[in-house]
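Everything below concerns the one structure shown next.
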Amino acid sequence: MIDRPHSGYLLPNGFNVVSTAFEKVVDQRHISHFSQEGECLARYALKFYMNGTRNAWELEQKISNVCLFVDRPPQPSPRDEEITAWLPELLAWARSLTTSPVEADALAEHTLGYAIEHFDEFRENTDLRDWLVGLMMERRFGRSSNRRPH
């Protein structure tokens with residue numbers, strides 16, 4: 001497996017680069033990893049890395065200029081149909097986080113199931129897509145499912 005731009009895989013060395021840059025920016029901004037801004041930073045860090053920014057310092061510089069928190073108008077709580085409408089995008093995310101289509105399908109299914117069962121945890125001022133991607137990252141990387149609001 002080769003860790004190259006657009007390969008869809010993130011090897012341990014790459015994970016260390018992304019993690020280092022992400023941690024520095026989160027610490028500089030004094031924000032929670034689980035905040036909307038923190039999740040946005042994580043997505044951009046992965047995106048920039050997978051598109052060729054492989055140096056931790058360069059990656060840190062790029063993500064330090066994105067995801068500056070902006071208040072969004074409140075959104076209504078999602079219904080099951082709204083959550084399941086995101087299945088195609090969640091499958092694409094799952095494929096980028098796993099090594100096999102079977103694992104990707106299972107991850108997307110598990111994420112959707114969790115979201116539907118726990119949509120009472122959805123905060124009304126949170127973007128539904130951001131919340132679902134955050135849940136998927138938690139499922140994949142084993143973070144606690146008890147997210148603390150910050």
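The values are calculated or read from the model by the stated rules, or taken from the named source; none is laboratory data. Keep in mind the model is a prediction, meaning the values are calculated, not measured. Counting neighbours? That spans all protein chains shown, and the Cβs are built from the backbone with ideal geometry, glycine included.
In the set Asp130, Asp71, only one residue is surrounded by 12 or more Cβ atoms within 10 Å (Cβ to Cβ), modelled with pLDDT under 85 and not hydrophobic (A, V, I, L, M, F, W, C); that residue is Asp130.
Residues that are aromatic (Phe, Trp, Tyr), closer than 27 Å to Leu128 by Cα, more than 14 Å from the chain's Cα centre (by Cα) and at pLDDT below 85 do occur in the range 8-23.
Within the range 98-113, the set of residues being part of a helix (DSSP H, G or I) and surrounded by fewer than 18 Cβ atoms within 10 Å (Cβ to Cβ) comprises Pro101, Val102, Glu103, Asp105, Ala106, Glu109, His110, Gly113.
Can you tell me which residue within the range 80-97, out of those that are hydrophobic (A, V, I, L, M, F, W, C) and loosely packed, with under 14 Cβ neighbours inside 10 Å, is nearest to His33 (Cα to Cα)? I'd like the intermediate steps shown before the answer.
As a first pass, look at the range 80-97 and keep what is hydrophobic (A, V, I, L, M, F, W, C): 83, 85-87, 90-94, 97.
Subset that is loosely packed, with under 14 Cβ neighbours inside 10 Å: 85, 92.
Numbers: Ala85: 26, Ala92: 23 Å.
Top of the filtered list is Ala92.
Does the range 32-49 contain at least one residue that is modelled with pLDDT of 85 or more, over 17 Å from Gly134 (Cβ atoms) and either among the small types (Gly, Ala, Ser) or surrounded by 15 or more Cβ atoms within 10 Å (Cβ to Cβ) (or both)? Yes. Considering only residues in the range 114-127 that are assigned to a helix (DSSP H, G or I) and loosely packed, with under 12 Cβ neighbours inside 10 Å, the one that is modelled with the highest pLDDT turns out to be Glu117.
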